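Trainee: Can you keep this structure in mind? I'll have questions shortly.
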Amino acid sequence: RPGVHFNDTFAPTLRMDSLRLMLNYCLTYRWDLQQYDVKGAFQIPDLPPEEMVYMKAPPGIKVKPGHALRLLKCIYGLKQSGRRWNQHFNGTVTQMDFKVVDGEDCLYTLTVDGQLHALLAVYVDDILVGAITKEEGQRIAQGLHDAYTITVLGVPKWLLGAEIDYNPTAGTLRISQKAYALQLLERFNHAQVNPSDLPASPGVHLVPHTCTEEESRIMSRRPYRQVVGALMYLMIFTRPDLAFAVGQCARFCQSPGPAHWKALVLILRYVKKTAGLGLVYRADASGRLVITLKVDSSWADIPNNRYSTGGHCGLVNGAAFSYECKLVKGVTLSSCESELVVLSRAAQQAVWILKLTRAMGIKAAPITIFEDNDAAIANVNGTKRTKRLKHVDIRYYFTKEQVKLGRIAVKAIASADNTADIFTKALRIVLFLRHRAGLGLE
């Protein structure tokens, strides 16, 4: 019961954006990269006295009549175990002189004499350590060995269901989920579907649908929500090309209709054809991280409410490490306003990226954001003003302020070269393939 057996239960997990940026940092500077797994992580931390939990004796253990077993440590299944483990691990690595990165609770840095020597990322009990030298990595591994029982997995090959091909000698990094994609198709009995070249049909907009009694009966047997959830993990980790199609279907999880299921099946057909696609990163010839953002938005293209869809992608050395496709809630009165709303979200992301790069000792400011709407660019850069935008001042002035502070620079890009266009609508095959390649998917 809350307040009796447990209090706070929140435990942070590593953002995929942070993981991809960390991997790219290690690739760029040719760092040693090792993976570890903590055995029985949730059974390590103690339960605080104020969280008194009793349990029945398991078979084979005798307890006096009228007595029960009181837990002194956490076990798997307790609501607070994840949080207690995260706090315990945080205390351990802090004693090893690691510091948590501002804005990312599961990424740590180790600095020696003002120089970054190691990066440590943790996702529950999976640990990645990037070190400036192999010896530094071994010293950190020994510190973890002293605190926990850990399994040394070596250079990461598999992480959270994704295949990692880390090759610092060749300067390449590939992250893919082919095995997960194929398992997903098998799980939902779509392994034998006809493949598709596109995840969404151009010109088709999904809208709410009131099902007939027969349609409701049919849809009740469809695993709609489960398919959307499984596709979301694929999209979040390695497949930004699925973002628009999956996001569109996710809006109707509450009451899907036949048209929504048909759109979902089309995504599965596309996954069948492209299961082997993955994000490919290549170290820049300059020997440094080159980070840019691209932004785009539709305008009033959703028929039933005239909302818009917008998105942005952060590119490191030419491939996506951060991306978002999101419904612009609320009616915007012009394409310029719609672009400004999405541009403000990209500016927020850029500020967060600067926190990470600053912790890594990289001077990345200003981060260039490429936008294809001239009116939006002119307004945030202060070269044009219009009364038509006076009602969007909060988002508008936030982005303007970041430009003035030198944190971001907003520049023009041709619409045909704006990779973020893939997040705003269902594209035709030629443009879709061009932008998919622009995301670094191979």
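Trainee: How long are the semi-axes of the ellipsoid equivalent to segment 318-395, from square roots of 5 times the Cα gyration tensor eigenvalues, in whole Å, largest first? Spell out each step's value before the answer.
Mentor: Details: eigenvalues 135, 43, 25 Å².
Sorted largest first and rounded, they come to 26, 15, 11 Å.
Trainee: If you line up the Cα atoms of segment 303-353 on their principal axes, what length do they span on each, largest first, in Å?
Mentor: So the three principal-axis extents are 38, 19, 15 Å.
Trainee: Return a whole-number percent for the relative contact order of the chain, with Cα pairs under 8 Å and 6 or more residues apart as the contact set. Before the final figure, lay out the partial values.
Mentor: Values: 792 pairs, mean separation 68.3, N = 442.
Answer for the chain is 15 percent.
Trainee: Continuing with the same structure: List the relative contact order of segment 308-353 as a percent without decimals, with contacts defined as Cα pairs under 8 Å and 6+ residues apart.
Mentor: Values: 41 pairs, mean separation 15.9, N = 46.
Worked out over segment 308-353, it gives 34 percent.
Trainee: Mind checking the alpha-carbon convex hull of segment 148-213 and giving the volume per residue in Å³? Before the final figure, lay out each step's value.
Mentor: On the way: hull volume 17.7 nm³, N = 66.
In segment 148-213, the Cα convex hull volume per residue is 268 Å³.
Trainee: Do me a favour and compute the ellipsoid semi-axes for the chain from its Cα gyration tensor, root of five times each eigenvalue, largest one first, whole Å. Show your work: numbers first, answer last.
Mentor: On the way: eigenvalues 298, 188, 105 Å².
In descending order, the three semi-axes are 39, 31, 23 Å.
Trainee: Provide the packing ranking of 319-330, 86-97, i.e. peptides ordered by the mean count of other C-beta atoms within 10 Å per residue, highest first. List each step's numbers first, then the result.
Mentor: Numbers: 319-330: 20.2, 86-97: 16.1.
Ranked from most to least packed, the peptides come out as 319-330, 86-97.
Trainee: Continuing with the same structure: Kindly provide the pair-distance distribution of segment 96-251 built from C-alpha pairs, with 10 Å bins from 0 and whole-percent values in order of increasing distance.
Mentor: 8, 26, 27, 18, 13, 6, 1, 0
Trainee: Let me have the 222 nm mean residue ellipticity of the chain computed from DSSP H runs of 4+ only, each contributing -39500 (n - 2.57), with the sum over all residues rounded to the nearest 500.
Mentor: Numbers: 12 runs with 152 residues, N = 442.
Using -39500 (n - 2.57) per qualifying helix, the result is -11000 deg cm²/dmol.
Trainee: Shifting gears a bit: Take THR210 and LYS64, extend 7 Å from each Cα along the Cα→Cβ direction, and tell me the distance between the two endpoints in nm.
Mentor: 6.8 nm
Trainee: Sticking with this structure for a sec: If you add up the charges near ALA259, with Lys and Arg at +1 and Asp and Glu at -1, over every other residue whose beta carbon is less than 14 angstrom from its beta carbon, what do you get? The partial results should precede the final answer.
Mentor: Working: positive: ARG222, ARG251, LYS262; negative: GLU215.
Charge balance in the 14 Å sphere: +2.
Trainee: Then there's this: Could you give the nm distance between label points at ARG217 and ILE362, where each point is 7 Å from its Cα heading toward the beta carbon?
Mentor: For ARG217 paired with ILE362, the spin-label model returns 5.8 nm.
Trainee: Still on this model: Can you give me the Cα centroid spacing of segment 281-295 and segment 2-21 in angstrom?
Mentor: Cα centres, segment 281-295 to segment 2-21: 30 Å.
Trainee: Also: Taking the simple approach of a point 7 Å from Cα along Cα-to-Cβ for both ASP102 and ASP393, what is their distance in nm?
Mentor: For the pair ASP102/ASP393, the computed spacing is 2.9 nm.
Trainee: Could you compute the FRET efficiency for LEU431 and GLU50, with r as their C-beta to C-beta distance and R0 at 56 Å, rounded to 0.05? Spell out each step's value before the answer.
Mentor: Values: r = 59 Å, r/R0 = 1.05.
Taking R0 as 56 Å, the efficiency between LEU431 and GLU50 is 0.45.
Trainee: Let me ask you something else. Going by a ≥ b ≥ c, the root eigenvalues of the Cα gyration tensor, does segment 1-112 fall in the rounded group (a/c under 1.5), the prolate group (a/b larger than b/c) or the oblate group? Each step should come with its number before you reach the end.
Mentor: Values: a/c = 3.05, a/b = 2.47, b/c = 1.23.
Since a/c reaches 1.5 and a/b is larger than b/c, the shape of segment 1-112 is classed as prolate.
Trainee: Just how large is the dipole of the chain about the Cα centre, in debye to the nearest 20, putting +1 at every Lys and Arg Cβ and -1 at every Asp and Glu Cβ? Please list the in-between numbers first.
Mentor: Values: 54 positive and 39 negative charges, 172 e Å.
Dipole magnitude for the chain comes out near 820 debye.
Trainee: Quickly rank 395-404, 371-380 as a protection proxy: mean count of other C-beta atoms within 10 Å, highest first.
Mentor: On the way: 395-404: 18.3, 371-380: 21.7.
Put in order of decreasing packing, that is 371-380, 395-404.
Trainee: What's the ranking of 111-122, 44-55 by average number of surrounding C-beta atoms within 10 Å, highest first? Kindly include the intermediate steps, with their values, before the conclusion.
Mentor: Working: 111-122: 17.0, 44-55: 13.8.
Averaged packing, sorted descending, gives the order 111-122, 44-55.
Trainee: Give the relative contact order (percent, whole number) for segment 46-140; include only Cα pairs under 8 Å separated by 6+ residues. Walk me through the numbers before you get to the answer.
Mentor: On the way: 94 pairs, mean separation 13.4, N = 95.
About 14 percent, as a whole number.
Each reported figure results from applying straightforward, stated rules to the coordinates on display, with no laboratory input. Note that the coordinates shown come from a computational prediction; the quantities given were computed from them, not determined experimentally. When we count neighbours, we look across all protein chains shown, and the Cβ atoms used for this are built from the backbone with ideal geometry, even at glycine.
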